[in-house]
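Remarks on the structure that follows.
The values are calculated or read from the model by the stated rules, or taken from the named source; none is laboratory data. Predicted, not measured: the structure shown is a model, and the values here were computed from it. Cβ sites come from the backbone with ideal geometry, for glycine too, and all protein chains shown count toward neighbours. In case anyone asks, the SASA skips ligands and DNA or RNA and just uses the protein heavy atoms, side chains included. Shrake-Rupley method; radii C 1.70, N 1.55, O 1.52, S 1.80 Å.
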Amino acid sequence: MLTLDRQQARQIAVRAQLLDAWHPESLVAMVDHLTLLQIDPTTAIIRSPDLVAWSRLGEAYDPSDLVFALETERSLTEHVTFIRTMDDIGIHLSVADEWVHPSTRAWIEANARYRRRVLDHLREEGPVVAAALPNDPEVPYESTGWNDDKNANRMLEALCLTGEVAIAGREGRSRRWDLAERVHPADLFRPPPAEARRLRDQRRLASLGISRAKPLRSPGEPSPIGDLGEQVQVDGVSGTWQVDPDALVASEEPFEGRCTFLSPFDRLVYDRDRALDLFDFEYVLEMYKPAAKRRWGYFALPIVYADRLVGKLDAKADRKAGVLRVHAIHEDHPWEPEIGDAVDARIDALAGWLGLERERPR
(Lines give C-alpha, C1' and ligand atoms only; values in the text may rest on other atoms or scores of the structure.)
Protein backbone atom coordinates (compact mmCIF):
# COMPACT_ATOMS: atom_id res chain seq x y z
CA MET A 1 0.00 0.00 0.00
CA LEU A 2 1.27 3.46 -0.92
CA THR A 3 2.27 5.66 2.02
CA LEU A 4 2.08 9.45 1.73
CA ASP A 5 3.80 11.84 4.07
CA ARG A 6 1.55 14.43 5.68
CA GLN A 7 2.77 17.22 3.43
CA GLN A 8 1.83 15.20 0.33
CA ALA A 9 -1.59 14.48 1.83
CA ARG A 10 -2.12 18.16 2.67
CA GLN A 11 -1.14 19.28 -0.79
CA ILE A 12 -3.57 16.80 -2.34
CA ALA A 13 -6.36 18.17 -0.14
CA VAL A 14 -5.51 21.83 -0.79
CA ARG A 15 -5.15 21.38 -4.55
CA ALA A 16 -8.40 19.38 -4.78
CA GLN A 17 -10.25 22.19 -3.01
CA LEU A 18 -8.90 24.75 -5.52
CA LEU A 19 -6.89 26.54 -2.85
CA ASP A 20 -3.47 26.33 -4.45
CA ALA A 21 -2.12 29.17 -6.62
CA TRP A 22 -4.33 28.24 -9.58
CA HIS A 23 -7.73 29.98 -9.81
CA PRO A 24 -10.85 28.45 -11.42
CA GLU A 25 -12.05 30.10 -14.62
CA SER A 26 -15.57 30.85 -13.38
CA LEU A 27 -18.00 30.54 -10.49
CA VAL A 28 -19.92 27.69 -12.13
CA ALA A 29 -16.71 25.80 -12.92
CA MET A 30 -15.70 26.21 -9.29
CA VAL A 31 -19.01 24.84 -7.94
CA ASP A 32 -18.92 22.04 -10.50
CA HIS A 33 -15.58 20.89 -9.10
CA LEU A 34 -16.37 21.46 -5.42
CA THR A 35 -19.84 19.85 -5.96
CA LEU A 36 -21.48 22.15 -3.40
CA LEU A 37 -21.56 25.43 -1.53
CA GLN A 38 -23.14 25.19 1.88
CA ILE A 39 -25.77 27.82 2.67
CA ASP A 40 -25.65 29.56 6.04
CA PRO A 41 -27.32 32.85 6.95
CA THR A 42 -24.49 34.20 9.14
CA THR A 43 -23.08 37.46 7.76
CA ALA A 44 -20.38 38.33 10.29
CA ILE A 45 -18.14 38.83 7.25
CA ILE A 46 -20.36 37.89 4.29
CA ARG A 47 -22.53 34.88 3.47
CA SER A 48 -20.60 31.62 3.50
CA PRO A 49 -21.11 30.79 -0.22
CA ASP A 50 -19.71 34.19 -1.16
CA LEU A 51 -16.72 33.76 1.15
CA VAL A 52 -15.98 30.33 -0.33
CA ALA A 53 -16.17 31.80 -3.84
CA TRP A 54 -13.91 34.76 -2.94
CA SER A 55 -11.30 32.44 -1.43
CA ARG A 56 -11.05 30.59 -4.78
CA LEU A 57 -11.79 33.27 -7.37
CA GLY A 58 -10.31 36.29 -5.64
CA GLU A 59 -11.40 39.91 -6.04
CA ALA A 60 -12.85 39.26 -9.52
CA TYR A 61 -15.80 37.51 -7.87
CA ASP A 62 -18.90 39.56 -7.13
CA PRO A 63 -21.85 38.22 -5.06
CA SER A 64 -24.17 39.30 -7.88
CA ASP A 65 -22.53 36.53 -9.95
CA LEU A 66 -24.07 33.95 -7.65
CA VAL A 67 -27.53 35.54 -7.82
CA PHE A 68 -27.32 35.62 -11.63
CA ALA A 69 -26.28 31.96 -11.81
CA LEU A 70 -29.10 30.91 -9.47
CA GLU A 71 -32.01 33.03 -10.69
CA THR A 72 -31.32 34.10 -14.27
CA GLU A 73 -28.92 31.68 -15.90
CA ARG A 74 -29.99 28.79 -13.62
CA SER A 75 -26.69 27.04 -14.09
CA LEU A 76 -26.71 26.68 -10.28
CA THR A 77 -29.59 25.79 -7.99
CA GLU A 78 -30.36 25.67 -4.28
CA HIS A 79 -31.22 22.22 -2.96
CA VAL A 80 -32.09 22.12 0.74
CA THR A 81 -28.99 23.60 2.47
CA PHE A 82 -26.61 23.44 -0.51
CA ILE A 83 -25.98 25.20 -3.79
CA ARG A 84 -25.13 22.75 -6.57
CA THR A 85 -24.84 22.85 -10.34
CA MET A 86 -28.07 22.24 -12.20
CA ASP A 87 -26.27 19.48 -14.11
CA ASP A 88 -25.72 17.61 -10.83
CA ILE A 89 -29.08 18.03 -9.17
CA GLY A 90 -30.67 14.95 -10.77
CA ILE A 91 -27.94 12.78 -9.24
CA HIS A 92 -28.91 13.96 -5.77
CA LEU A 93 -32.64 13.64 -6.41
CA SER A 94 -32.05 10.00 -7.35
CA VAL A 95 -30.71 9.24 -3.87
CA ALA A 96 -33.26 11.24 -1.88
CA ASP A 97 -33.98 8.12 0.20
CA GLU A 98 -30.76 8.84 2.11
CA TRP A 99 -32.02 12.27 3.15
CA VAL A 100 -35.73 11.87 3.88
CA HIS A 101 -36.10 10.52 7.40
CA PRO A 102 -38.75 7.78 7.87
CA SER A 103 -40.63 10.02 10.32
CA THR A 104 -40.76 12.77 7.67
CA ARG A 105 -42.08 10.30 5.08
CA ALA A 106 -44.75 9.19 7.54
CA TRP A 107 -45.73 12.84 8.15
CA ILE A 108 -46.04 13.50 4.40
CA GLU A 109 -48.19 10.39 3.96
CA ALA A 110 -50.42 11.44 6.86
CA ASN A 111 -50.91 14.82 5.14
CA ALA A 112 -51.70 13.71 1.59
CA ARG A 113 -54.46 16.31 1.19
CA TYR A 114 -52.27 19.09 2.61
CA ARG A 115 -49.47 18.11 0.21
CA ARG A 116 -51.92 18.41 -2.71
CA ARG A 117 -53.09 21.85 -1.51
CA VAL A 118 -49.50 23.09 -1.35
CA LEU A 119 -48.73 21.76 -4.84
CA ASP A 120 -51.97 23.19 -6.26
CA HIS A 121 -51.19 26.61 -4.78
CA LEU A 122 -47.73 26.57 -6.31
CA ARG A 123 -49.17 25.52 -9.65
CA GLU A 124 -51.58 28.48 -9.64
CA GLU A 125 -49.55 31.17 -7.86
CA GLY A 126 -45.88 30.13 -7.85
CA PRO A 127 -43.19 31.09 -7.32
CA VAL A 128 -44.06 32.22 -3.77
CA VAL A 129 -42.50 32.32 -0.32
CA ALA A 130 -43.57 29.76 2.25
CA ALA A 131 -45.58 32.35 4.19
CA ALA A 132 -47.98 32.64 1.22
CA LEU A 133 -48.87 28.92 1.32
CA PRO A 134 -51.49 27.10 3.40
CA ASN A 135 -50.23 26.23 6.87
CA ASP A 136 -53.07 23.95 7.97
CA PRO A 137 -52.07 20.29 7.69
CA GLU A 138 -54.27 17.51 8.96
CA VAL A 139 -51.39 16.45 11.24
CA PRO A 140 -49.18 19.38 12.39
CA TYR A 141 -45.43 18.85 12.28
CA GLU A 142 -44.04 18.10 15.73
CA SER A 143 -40.62 19.42 16.62
CA THR A 144 -38.54 20.34 19.64
CA GLY A 145 -39.49 23.97 19.06
CA TRP A 146 -37.33 25.11 16.12
CA ASN A 147 -39.95 24.20 13.50
CA ASP A 148 -43.15 24.73 15.50
CA ASP A 149 -45.96 26.05 13.29
CA LYS A 150 -43.70 25.92 10.21
CA ASN A 151 -45.67 23.23 8.45
CA ALA A 152 -45.40 24.81 4.99
CA ASN A 153 -41.63 25.10 5.31
CA ARG A 154 -41.28 21.49 6.40
CA MET A 155 -43.50 20.21 3.60
CA LEU A 156 -41.62 22.27 0.99
CA GLU A 157 -38.22 21.11 2.20
CA ALA A 158 -39.32 17.47 2.11
CA LEU A 159 -40.80 17.84 -1.39
CA CYS A 160 -37.61 19.61 -2.49
CA LEU A 161 -35.59 16.58 -1.43
CA THR A 162 -37.70 14.29 -3.58
CA GLY A 163 -37.78 16.68 -6.53
CA GLU A 164 -41.43 17.76 -6.57
CA VAL A 165 -40.72 21.40 -5.74
CA ALA A 166 -37.63 23.57 -6.14
CA ILE A 167 -36.26 26.93 -5.04
CA ALA A 168 -36.77 29.49 -7.80
CA GLY A 169 -34.98 32.39 -6.08
CA ARG A 170 -35.17 34.55 -2.98
CA GLU A 171 -36.96 37.59 -1.60
CA GLY A 172 -34.39 38.88 0.87
CA ARG A 173 -33.57 35.81 2.94
CA SER A 174 -36.87 34.06 2.18
CA ARG A 175 -36.85 31.32 -0.44
CA ARG A 176 -39.31 31.50 -3.32
CA TRP A 177 -40.73 28.07 -4.11
CA ASP A 178 -42.19 26.67 -7.32
CA LEU A 179 -42.96 23.36 -8.96
CA ALA A 180 -39.69 21.64 -9.86
CA GLU A 181 -40.83 21.22 -13.46
CA ARG A 182 -40.75 25.02 -13.83
CA VAL A 183 -37.28 25.37 -12.31
CA HIS A 184 -35.38 22.27 -13.44
CA PRO A 185 -34.70 21.64 -17.15
CA ALA A 186 -37.03 19.26 -18.96
CA ASP A 187 -34.13 16.95 -19.83
CA LEU A 188 -32.80 16.71 -16.25
CA PHE A 189 -30.42 13.74 -15.98
CA ARG A 190 -31.64 11.38 -13.23
CA PRO A 191 -29.61 8.15 -13.26
CA PRO A 192 -30.76 5.00 -11.44
CA PRO A 193 -29.99 5.16 -7.69
CA ALA A 194 -26.97 2.82 -7.77
CA GLU A 195 -25.37 4.77 -10.62
CA ALA A 196 -26.25 8.07 -8.93
CA ARG A 197 -24.52 7.03 -5.71
CA ARG A 198 -21.40 6.00 -7.63
CA LEU A 199 -21.27 9.30 -9.54
CA ARG A 200 -21.94 11.37 -6.45
CA ASP A 201 -19.28 9.65 -4.37
CA GLN A 202 -16.69 9.78 -7.14
CA ARG A 203 -17.26 13.51 -7.55
CA ARG A 204 -17.18 14.05 -3.81
CA LEU A 205 -13.84 12.23 -3.47
CA ALA A 206 -12.42 14.24 -6.39
CA SER A 207 -13.45 17.47 -4.65
CA LEU A 208 -11.76 16.41 -1.40
CA GLY A 209 -8.72 14.73 -2.92
CA ILE A 210 -8.24 12.53 0.13
CA SER A 211 -10.77 11.25 2.66
CA ARG A 212 -11.46 8.54 5.15
CA ALA A 213 -13.62 5.80 3.64
CA LYS A 214 -16.12 6.65 6.39
CA PRO A 215 -15.50 10.06 7.97
CA LEU A 216 -16.14 10.09 11.71
CA ARG A 217 -18.19 13.27 11.50
CA SER A 218 -19.49 14.77 8.31
CA PRO A 219 -22.91 16.29 9.01
CA GLY A 220 -24.97 17.12 5.97
CA GLU A 221 -23.27 14.36 3.97
CA PRO A 222 -24.54 11.11 5.48
CA SER A 223 -23.00 8.64 3.04
CA PRO A 224 -19.43 7.32 3.32
CA ILE A 225 -16.93 7.56 0.47
CA GLY A 226 -16.50 3.79 0.53
CA ASP A 227 -13.70 2.02 -1.33
CA LEU A 228 -13.52 4.43 -4.27
CA GLY A 229 -10.15 5.68 -5.44
CA GLU A 230 -6.83 4.31 -4.26
CA GLN A 231 -6.29 3.20 -0.68
CA VAL A 232 -3.24 4.74 0.99
CA GLN A 233 -1.72 5.31 4.38
CA VAL A 234 -0.54 8.66 5.69
CA ASP A 235 2.71 8.64 7.62
CA GLY A 236 2.11 9.24 11.30
CA VAL A 237 -1.70 8.95 11.01
CA SER A 238 -3.55 5.78 11.95
CA GLY A 239 -5.87 3.94 9.59
CA THR A 240 -6.28 4.05 5.83
CA TRP A 241 -7.42 6.77 3.45
CA GLN A 242 -8.97 6.91 -0.01
CA VAL A 243 -7.30 9.16 -2.59
CA ASP A 244 -8.76 10.30 -5.89
CA PRO A 245 -6.58 8.79 -8.68
CA ASP A 246 -6.36 12.06 -10.62
CA ALA A 247 -5.38 13.92 -7.47
CA LEU A 248 -2.64 11.38 -6.86
CA VAL A 249 -1.25 11.94 -10.36
CA ALA A 250 -1.46 15.73 -9.93
CA SER A 251 0.48 15.47 -6.66
CA GLU A 252 3.60 14.63 -8.68
CA GLU A 253 3.57 18.17 -10.10
CA PRO A 254 5.26 21.03 -8.19
CA PHE A 255 2.94 22.59 -5.64
CA GLU A 256 2.46 26.35 -5.48
CA GLY A 257 0.25 27.66 -2.71
CA ARG A 258 -1.22 30.95 -1.59
CA CYS A 259 -2.70 32.62 1.47
CA THR A 260 -6.41 33.14 2.03
CA PHE A 261 -9.22 32.87 4.59
CA LEU A 262 -11.85 30.18 4.71
CA SER A 263 -15.47 30.03 5.76
CA PRO A 264 -16.04 27.83 8.82
CA PHE A 265 -18.22 25.76 6.44
CA ASP A 266 -15.44 25.36 3.87
CA ARG A 267 -14.89 21.73 2.86
CA LEU A 268 -11.16 21.95 3.57
CA VAL A 269 -11.99 22.26 7.29
CA TYR A 270 -15.57 21.00 7.54
CA ASP A 271 -14.43 17.49 8.48
CA ARG A 272 -12.81 18.55 11.75
CA ASP A 273 -11.19 15.13 12.29
CA ARG A 274 -9.51 15.21 8.87
CA ALA A 275 -8.27 18.75 9.54
CA LEU A 276 -6.72 17.56 12.80
CA ASP A 277 -5.19 14.40 11.29
CA LEU A 278 -3.68 15.99 8.18
CA PHE A 279 -3.12 19.63 9.17
CA ASP A 280 -2.82 19.40 12.96
CA PHE A 281 -5.55 22.04 12.92
CA GLU A 282 -8.03 22.26 15.76
CA TYR A 283 -11.19 24.23 15.04
CA VAL A 284 -14.63 24.76 16.55
CA LEU A 285 -17.24 27.21 15.27
CA GLU A 286 -17.83 29.28 18.40
CA MET A 287 -20.80 31.44 17.42
CA TYR A 288 -23.04 29.32 19.65
CA LYS A 289 -20.76 29.65 22.69
CA PRO A 290 -20.97 32.42 25.29
CA ALA A 291 -18.44 35.13 24.47
CA ALA A 292 -16.39 34.40 27.60
CA LYS A 293 -15.83 30.79 26.51
CA ARG A 294 -14.62 31.51 22.97
CA ARG A 295 -10.96 30.83 22.15
CA TRP A 296 -10.84 32.27 18.64
CA GLY A 297 -13.97 34.38 18.11
CA TYR A 298 -17.62 34.41 17.07
CA PHE A 299 -17.03 33.51 13.41
CA ALA A 300 -13.26 32.99 13.21
CA LEU A 301 -11.98 32.30 9.70
CA PRO A 302 -9.40 29.52 9.26
CA ILE A 303 -6.24 30.80 7.59
CA VAL A 304 -4.60 28.70 4.88
CA TYR A 305 -1.02 29.40 3.84
CA ALA A 306 0.51 27.19 1.14
CA ASP A 307 -0.24 23.62 2.29
CA ARG A 308 -0.87 24.46 5.94
CA LEU A 309 -3.70 25.75 8.10
CA VAL A 310 -1.83 28.22 10.26
CA GLY A 311 -4.36 30.13 12.38
CA LYS A 312 -7.67 31.95 12.66
CA LEU A 313 -8.82 35.46 11.83
CA ASP A 314 -11.36 36.97 14.22
CA ALA A 315 -12.97 39.82 12.30
CA LYS A 316 -16.36 41.38 11.69
CA ALA A 317 -17.71 43.50 8.86
CA ASP A 318 -19.35 46.59 10.35
CA ARG A 319 -21.17 47.87 7.29
CA LYS A 320 -22.84 50.77 9.07
CA ALA A 321 -19.46 52.13 10.13
CA GLY A 322 -17.85 51.12 6.82
CA VAL A 323 -15.04 49.15 8.45
CA LEU A 324 -13.71 45.62 8.74
CA ARG A 325 -12.96 45.26 12.43
CA VAL A 326 -10.05 42.91 13.09
CA HIS A 327 -10.42 41.77 16.69
CA ALA A 328 -7.56 39.27 16.72
CA ILE A 329 -5.25 37.19 14.55
CA HIS A 330 -4.52 33.83 16.16
CA GLU A 331 -1.28 32.05 15.25
CA ASP A 332 -1.56 28.30 15.83
CA HIS A 333 2.25 28.19 15.91
CA PRO A 334 4.72 31.10 15.76
CA TRP A 335 4.72 32.39 12.18
CA GLU A 336 7.64 33.07 9.93
CA PRO A 337 7.69 36.75 8.83
CA GLU A 338 6.51 35.89 5.31
CA ILE A 339 3.33 34.29 6.69
CA GLY A 340 2.54 37.38 8.75
CA ASP A 341 3.11 39.61 5.73
CA ALA A 342 0.90 37.43 3.52
CA VAL A 343 -1.92 37.35 6.09
CA ASP A 344 -1.71 41.12 6.55
CA ALA A 345 -1.95 41.70 2.79
CA ARG A 346 -4.87 39.31 2.51
CA ILE A 347 -6.80 41.11 5.25
CA ASP A 348 -6.36 44.34 3.29
CA ALA A 349 -7.60 42.53 0.16
CA LEU A 350 -10.66 41.18 2.00
CA ALA A 351 -11.53 44.62 3.35
CA GLY A 352 -11.16 46.16 -0.11
CA TRP A 353 -13.30 43.46 -1.71
CA LEU A 354 -16.01 44.07 0.90
CA GLY A 355 -15.85 47.82 0.18
CA LEU A 356 -14.74 48.53 3.75
CA GLU A 357 -11.81 50.22 5.46
CA ARG A 358 -9.68 47.99 7.63
CA GLU A 359 -9.73 48.87 11.32
CA ARG A 360 -6.67 47.57 13.10
CA PRO A 361 -6.72 46.48 16.76
CA ARG A 362 -5.49 49.12 19.18
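Please determine, by comparing only the residues of the stretch 8-32 that are of a type in the set (S, T, N, Q) and buried (at least 19 other Cβ atoms within 10 Å of the Cβ), which one is farthest from the chain's Cα centre (by Cα).
First, pick out the residues of the stretch 8-32 that are of a type in the set (S, T, N, Q): 8, 11, 17, 26.
Still in the running and buried (at least 19 other Cβ atoms within 10 Å of the Cβ): 8, 11, 17.
Working: 8: 24, 11: 20, 17: 12 Å.
Only one residue tops the list, namely 8.
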Q | So residue 151, is it surrounded by 21 or more Cβ atoms within 10 Å (Cβ to Cβ), of a type in the set (S, T, N, Q) and touching a helix residue (DSSP H, G or I) at 6+ places or on another chain (Cβ under 9 Å) | A | yes
Q. When you go through (1) surrounded by fewer than 17 Cβ atoms within 10 Å (Cβ to Cβ); (2) in a loop (DSSP other than H, G, I, E, B); (3) touching a residue at least 40 places away in the same chain (Cβ under 8 Å) one by one for residue 97, which number turns out not to apply?
A. (2)
**Q.** Checking residue 302 against (1) in a helix (DSSP H, G or I); (2) open to solvent by less than 20 Å² (accessible area, probe 1.4 Å), the condition it does not meet
**A.** (1)
Q | Pair list, Cβ < 9 Å and 6+ apart or interchain, from the stretch 112-124 residues that are closer than 12 Å to residue 156 by Cβ to residues that are open to solvent by less than 50 Å² (accessible area, probe 1.4 Å) and aromatic (Phe, Trp, Tyr) | A | 118/177; 122/177
Q: Check off (1) outside any loop (DSSP other than H, G, I, E, B); (2) charged (D, E, K, R); (3) surrounded by 13 or more Cβ atoms within 10 Å (Cβ to Cβ); (4) more than 21 Å from the chain's Cα centre (by Cα) for residue 295 and give me the number that stays unchecked.
A: (1)
Q.
Between 50, 20, 40, 65, which is over 28 Å from residue 279 (Cα atoms), out of contact with any strand residue (DSSP E or B) (no Cβ under 7 Å at 6 or more places or on another chain) and not in a strand (DSSP E or B)?
A. 65
Q) Taking the stretch 177-209 on its own, how many of its residues are among the polar types (S, T, N, Q) and touching a His at 6+ places or on another chain (Cβ under 9 Å)? A) 1
Q.
Looking at the stretch 1-29, I want the residues that are hydroxyl-bearing (Ser, Thr, Tyr) and have a partner that is surrounded by fewer than 21 Cβ atoms within 10 Å (Cβ to Cβ) and assigned to a loop (DSSP other than H, G, I, E, B) with Cβ atoms under 7 Å, at least 6 apart or on another chain. Which pairs are those?
A. 3/235
**Q.** First in the stretch 343-361 and more than 20 Å from residue 19 (Cα to Cα), second anywhere and charged (D, E, K, R), Cβ under 7 Å, 6 or more apart
**A.** 358/348; 359/325
Q. When only residues in the stretch 35-72 that are in contact (Cβ under 8 Å) with a residue 24 or more places away in the chain and of a type in the set (Asp, Glu) count, which is least open to solvent (accessible area, probe 1.4 Å)?
A. 40
Q) Among (1) modelled with pLDDT of 90 or more; (2) of a type in the set (Gly, Ala, Ser); (3) closer than 29 Å to residue 265 by Cβ; (4) not in a strand (DSSP E or B), where does residue 106 come up short? A) (3)
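Given the stretch 155-242, what strands (runs of 3 or more DSSP E) lie entirely inside it while holding 1 or more residues that are open to solvent by 60 Å² or more (accessible area, probe 1.4 Å) and basic (Lys, Arg)?
Working: elements: 165-171, 174-179, 230-234.
It comes to 165-171.
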Q) If only one of 360, 346, 319 is closer than 30 Å to residue 251 by Cβ and not small (Gly, Ala, Ser), which one is it? A) 346
Q. Out of the stretch 332-362, which residues are in contact with a helix residue (DSSP H, G or I) (Cβ under 8 Å, 6 or more places away or on another chain) and under 19 Å from residue 297 (Cβ atoms)?
A. 335, 350, 358
Q.
I want to confirm something. Restricting to the stretch 241-277 and keeping residues that are modelled with pLDDT of 95 or more and among the hydroxyl-bearing types (Ser, Thr, Tyr), which single residue is nearest to residue 339 (Cα to Cα)?
A. 260
Q: Output the number of the condition that residue 249 fails; it satisfies all remaining conditions of (1) in a helix (DSSP H, G or I); (2) under 30 Å from residue 43 (Cα atoms).
A: (2)
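Kindly establish whether residue 309 is open to solvent by less than 30 Å² (accessible area, probe 1.4 Å), assigned to a loop (DSSP other than H, G, I, E, B) and touching a residue at least 40 places away in the same chain (Cβ under 8 Å). Steps first, answer last, please.
Numbers: open to solvent by less than 30 Å² (accessible area, probe 1.4 Å): yes; assigned to a loop (DSSP other than H, G, I, E, B): no; touching a residue at least 40 places away in the same chain (Cβ under 8 Å): yes.
Spelling it out, it is not the case that residue 309 is open to solvent by less than 30 Å² (accessible area, probe 1.4 Å), assigned to a loop (DSSP other than H, G, I, E, B) and touching a residue at least 40 places away in the same chain (Cβ under 8 Å).
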Q.
Going through 327, 333 one at a time, which residue ends up being assigned to a strand (DSSP E or B), surrounded by fewer than 17 Cβ atoms within 10 Å (Cβ to Cβ) and at negative phi?
A. 327
